[in-house]
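Undergrad: I am attaching a structure below and will ask some questions about it afterwards.
The values are calculated or read from the model by the stated rules, or taken from the named source; none is laboratory data. Quantities reported herein were computed from a predicted structural model and do not represent experimental measurements. All Cβ positions, even for glycine, are placed from backbone atoms using ideal geometry, and neighbour counts span all protein chains on display.
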Ligand code: ADP
Ligand code: MG
Ligand code: MG
């Protein structure tokens with residue numbers, strides 16, 4: 001797995017979709033999710049180098065996100081990537097099994113920090129099913145696992161629409177948060193789309 005290519009692709013996809021993410025956040029938040037994440041990922045892309053081992057790439061990206069991304073999503077994505085990177089350690093080669101464990105560690109980090117469970121209408125609603133699907137398909141290899149994770153992330157994000165937010169800024173809206181896609185779940189889909197893109201043959 002080329003972690004550098006993954007992070008660069010994630011950054012490109014967020015840049016391309018920043019307006020949509022911000023629009024989603026305008027409906028149930030403060031309208032900055034796209035710009036927050038775009039700023040953080042551009043900084044991360046600049047901080048990265050191709051020569052770093054995959055674990056170090058993710059740790060560096062995570063650390064940059066924590067320091068450069070505003071809002072709740074910076075620390076959450078930053079923690080996810082740092083935990084994933086730590087899990088990979090110094091390995092030069094990362095296969096599906098190692099990445100599955102790293103993604104599990106990322107999810108645990110997000111939940112420790114944000115205290116959100118599935119169904120709270122957050123990025124966890126995309127991340128948790130994506131991690132589970134990745135693990136379940138890891139035996140079929142990286143491209144298949146990444147595609148399964150993307151599919152699950154998309155379904156999980158879509159399933160946030162009818163939910164009422166119980167965590168983060170959107171929860172202040174109470175029942176008025178119902179009927180909108182969660183922006184963090186939408187950006188989590190892009191994380192897995194990027195992974196599927198860079199592992200696809
Ligand atoms: P802010 O709400 O501080 O402006 P962003 O707009 O960048 O931050 O990110 C909002 C997204 O962060 C939400 O759509 C949600 O997915 C995610 N989020 C917020 N709080 C939590 C939490 N406690 N746990 C998990 N994800 C959260
Ligand atoms: Mg916001
Ligand atoms: Mg904000």
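Undergrad: Pull out all pairs, ordered by first then second residue, where Cβ-Cβ is under 8 Å, the residues are six or more apart or on different chains, the first lies in the stretch 77-91 and is under 23 Å from residue 34 (Cα atoms), and the second is surrounded by 22 or more Cβ atoms within 10 Å (Cβ to Cβ) and modelled with pLDDT under 95.
TA: The qualifying pairs are 77/69; 78/69.
Undergrad: I would also like to ask the following. Tell me, which residue of the stretch 33-48 that is near ligand 2 (Cβ under 10 Å from one of its atoms) and without any contact (Cβ under 8 Å) to a residue 60 or more places away in the chain is surrounded by the most Cβ atoms within 10 Å (Cβ to Cβ)?
TA: If we filter the stretch 33-48 for residues that are near ligand 2 (Cβ under 10 Å from one of its atoms), which is where we start, we get 33-37.
After this cut, where a residue has to be without any contact (Cβ under 8 Å) to a residue 60 or more places away in the chain as well, the list is 35-36.
Values: 35: 18, 36: 26.
The residue in question is 36.
Undergrad: Pairs needed: first member in the stretch 16-32, more than 13 Å from residue 170 (Cα to Cα); second member anywhere, modelled with pLDDT of 95 or more and away from ligand 3 (no atom under 14 Å from the Cβ); C-beta distance under 9 Å; at least 6 residues apart or different chains.
TA: Taking only residues 6 or more apart or on different chains, the pairs are 16/190; 17/186; 17/190; 20/186; 21/14; 21/186; 21/190.
Undergrad: I'd like to know if the stretch 96-114 contains one or more residues that are part of a loop (DSSP other than H, G, I, E, B) and either modelled with pLDDT of 95 or more or surrounded by 18 or more Cβ atoms within 10 Å (Cβ to Cβ) (or both). If you could, list the steps in order and put the result at the bottom.
TA: From the stretch 96-114, those part of a loop (DSSP other than H, G, I, E, B) are none; that's our starting set.
The answer is no, given that none of the residues of the stretch 96-114 is part of a loop (DSSP other than H, G, I, E, B) and either modelled with pLDDT of 95 or more or surrounded by 18 or more Cβ atoms within 10 Å (Cβ to Cβ) (or both).
Undergrad: Would the stretch 142-164 turn up any residue that is crowded, with 16+ Cβ neighbours inside 10 Å, touching a residue at least 40 places away in the same chain (Cβ under 8 Å) and within 16 Å of ligand 2 (Cβ to nearest atom)?
TA: No - not one qualifying residue is present in the stretch 142-164.
Undergrad: Oh, and also: Among the residues in the stretch 134-145, are any modelled with pLDDT of 95 or more, away from ligand 1 (no atom under 14 Å from the Cβ) and not in a helix (DSSP H, G or I)? Break it down stepwise before answering.
TA: Start the filter on the stretch 134-145 by keeping residues that are modelled with pLDDT of 95 or more, which leaves 134-145.
Next, from what is left, pick out any that are away from ligand 1 (no atom under 14 Å from the Cβ): 134-145.
If we keep only those that are not in a helix (DSSP H, G or I) as well, we get 141.
Yes: the stretch 134-145 contains one or more residues that are modelled with pLDDT of 95 or more, away from ligand 1 (no atom under 14 Å from the Cβ) and not in a helix (DSSP H, G or I).
Undergrad: Okay, moving on. Quick one: in the stretch 15-31, which of the residues that are within 6 Å of ligand 2 (Cβ to nearest atom) and buried (at least 19 other Cβ atoms within 10 Å of the Cβ) is nearest to residue 165 (Cα to Cα)?
TA: So in the stretch 15-31, the residues within 6 Å of ligand 2 (Cβ to nearest atom) come out as 25, 29-30.
If we keep only those that are buried (at least 19 other Cβ atoms within 10 Å of the Cβ) too, we end up with 25, 29.
On the way: 25: 13, 29: 11 Å.
Among those that are within 6 Å of ligand 2 (Cβ to nearest atom) and buried (at least 19 other Cβ atoms within 10 Å of the Cβ), it is 29.
Undergrad: Out of 130, 186, I need the residue that is within 16 Å of ligand 3 (Cβ to nearest atom) and under 22 Å from residue 78 (Cα atoms). Which one? So that I can check it myself, show each step before the final result.
TA: Working: 130 fails: within 16 Å of ligand 3 (Cβ to nearest atom).
Answer to the selection: 186.
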